[in-house]
Amino acid sequence: CDEAADALCRKAQTDGGRRRAVHALVSSIVSHAGDKWQEHGKPKLVSAITTQARAAKRTDWLTPDQAAALLRNAAPHVRPLFLFLIGTGARVGEALTLRWSDVDLAAGTCVLRNDEERRTKNGRDRHIDLPPAVVAALASLRHRDGEVFRTSATKRMTRLGLLPPPYRGEAGQFKTAWRGAMRRAGLIAWERAAGATIQCAGPCTPVRWLPRLSPHALRHTWASWFYAATRDAIRLKEAGGWSSLELVDRYTHLMPSSAIGAIATIWGCASPDDFPAAAARRIG
């Protein structure tokens, strides 16, 4: 069992990643066993594994100060992407497949498409308004064709005349840039790591640094900020593309209203008074 668990978790770099790796396998086994159980006329088995995993789920998010530090320390080529995620609540996969044909900088809007080549998690197109800071960041990009955000993998495939994958939900497309920005912003955690090496004058304990949060935390950050500004869970549900109010309930207590001024600054609103109205326009 220990060897199997080690093989599953070898590539996972965080405790959450290791938990998900084991949970996915065990859940699949239990689900398959439940289906076989039903084939023999028995009542469907309900697994407690999924319930426990959901109960332990944590909502990670950034304060305005932390987000500002992340953006300051991000490499220039990924800063517009990070700002887009913070300013729209788009999932990583949705952002990486956004095309210029679905962006209207003059109107300050874009459409996250759900079609044969791209998909959103809720299975439908989502129209969103772009904060002024995001519009400015996109306007600074030199290219105006194809995908808005080009990772190294996408650029290599384009040079070779190949089409990029239809859906890339993995933040591994910019893992190095994310780690670097988080490290420079001081948003890192240290852990003991067998086999990891560091330079030191004498004997020392091998350690490695890991980002405290994953890029998906920027979606959680946007959601908590949006609710702080609007105090409207229904608008948050529609703007973020969630299927139920239950899913957005966890964001309704994270950010105090006193942070609205700092949030407005990051999103490029003229003043805190203008910010709630700007956020409310996102659902049209």
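Values in this text are rule-based calculations from the coordinates and carry no lab data. Quick caveat, the model's predicted, so the values are computed rather than measured.
In this entry, the range 75-143 is assigned a mean projected area of 4.5 nm², taken as a quarter of its C-alpha convex hull surface.
The phi-based Karplus calculation (6.51 cos²θ - 1.76 cosθ + 1.60; θ = phi - 60°) puts the 3J(HN,Hα) values of the range 247-256 at 6, 9, 4, 5, 8, 7, 10, 7, 10, x Hz, whole numbers, x for Gly and Pro. Per-residue 3J(HN,Hα) values for the range 87-103, derived from phi via the Karplus relation 6.51 cos²θ - 1.76 cosθ + 1.60 with θ = phi - 60°, read x, 10, x, 5, 6, 4, x, 5, 5, 6, 9, 5, 10, 4, 5, 10, 10 Hz in sequence order (x marks Gly and Pro).
Converting phi to 3J(HN,Hα) with the Karplus coefficients 6.51, -1.76 and 1.60 and the offset θ = phi - 60°, the range 265-270 yields 5, 5, 7, x, 6, 4 Hz in sequence order, with x at every glycine or proline.
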